[in-house]
Amino acid sequence: MRKKGLVERIVMKAPSSEDFSPRKLPKNRKELFGYMLKNKFGKIYKNHLLIALFFIPLIAWNILSMPYTNAIFTLEAREGITHLVEYWFTVYVTAIPLWALAFVGLSGGLNVIRKLAWSDPIVLKLDFIQGIKSSGKQMALIGCLWGSAFAVIRYAIDWLGFYYRVFDSSYSVVFGIFVCVFLLTVIVGLTVYMTCMCSIYNVSFKQLFVGAFKLYYSDFFLATGVILVCLSPILILMTVGLAITVLIAYLLSLLLLIGIIIIPMFLVCQHTFDRIINKKDYPDYYGKGLSYGTYKDSGISLKKDPSVEENLAEEIENDFERVNDD
């Protein structure tokens, strides 16, 4: 065998003693998020662009309706409240099918993110299309429900705002607005859990809704905090209320944010899934992408359970006694 030259040794380096070592994977999902951004950003951004294509009609409609929104809310309050139903139907109800289309794009994007988070091999376009085929219908229905709930709550908030200016400026009306905002926050969290469940598990829509509600409730504060932090760049720009800040929020979402902010949301859902259902019912999914997970292909399980070892020893002993008796 010939000796390698100096340049060849420097470029090629020594082969790793292990082709695959789960111990080198991130220890928790916070580290996993950083690991994904550092090592897989190219695929993440291409996936973001594919998702953004499905959001373009929705964002374009919101931008086109901005002059109408400005015209309604600059009217005198008594006049504005008389046009509220017409405005609500034109801007929010007609956007419900566009939400459904956007969620179809999420079905493909979440399938790719799942594989990236689990360190599974991917073919971007094929896996994106496969995600749409496997969960696109359910995701479209989730999008319709989310769009409907968002429209109803926005109507309630806008109506209370006009009512406060025209009829009653008491704290009870302000409290009603805060209740609506809280309900909207809860519905956002429930929707996030439904979409992430839909991208992983094959369950009926009823099971999806009930399961997502229970899982979200079990990690309510953690999940809500992560979701609000992820949405904070968009929410802050939207809350300012200036036309330029709203446009910046839409452009940032299309150019960068959509495909990135959904990753921490997916990971916090995975944390809940592991804690509540995966460890018991879906062991193959438990800890996937992390160093404590179980990897069937490599035959390596890094998390040793003493009870499992005791049961295995008892089974071996029973088998041994049965063979001797025979």
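The Cα atoms of region 36-108 give a gyration tensor whose axes a ≥ b ≥ c have a/c of 1.5 or more with a/b greater than b/c, which makes the shape prolate. Taking the number of Cβ atoms within 10 Å of each Cβ as an exposure proxy, the fewest-first ranking of ASP281, ASP219 is ASP281, ASP219. In whole Å, how far is the Cα centre of region 244-296 from that of region 140-208? For region 244-296 versus region 140-208, the Cα centre distance is 22 Å. Here TYR282, TYR164 are placed in order of increasing Cβ neighbour count within 10 Å, fewest first, which gives TYR282, TYR164. Computed extension gain for ASN62 through LEU75, at 0.36 nm per residue and net of the alpha carbon distance, reaches 2.7 nm. Here the residues THR239, THR272, ranked from fewest to most Cβ neighbours within 10 Å of their Cβ, fall in the order THR239, THR272.
Label-to-label distance, PHE41 versus LYS214, with points set 7 angstrom from Cα along the beta-carbon direction: 4.1 nm. Length available on full extension from PHE178 to ILE276: 0.36 nm per residue minus the Cα-Cα distance, which gives 32.2 nm.
Read-outs throughout are calculated quantities, based only on the coordinates presented, and are distinct from any laboratory measurement. From a predicted model like this one, the values you see are computed outputs, not experimental measurements. Note that each Cβ is placed from the backbone with ideal geometry, even for glycine, and that neighbours are counted across all protein chains shown.
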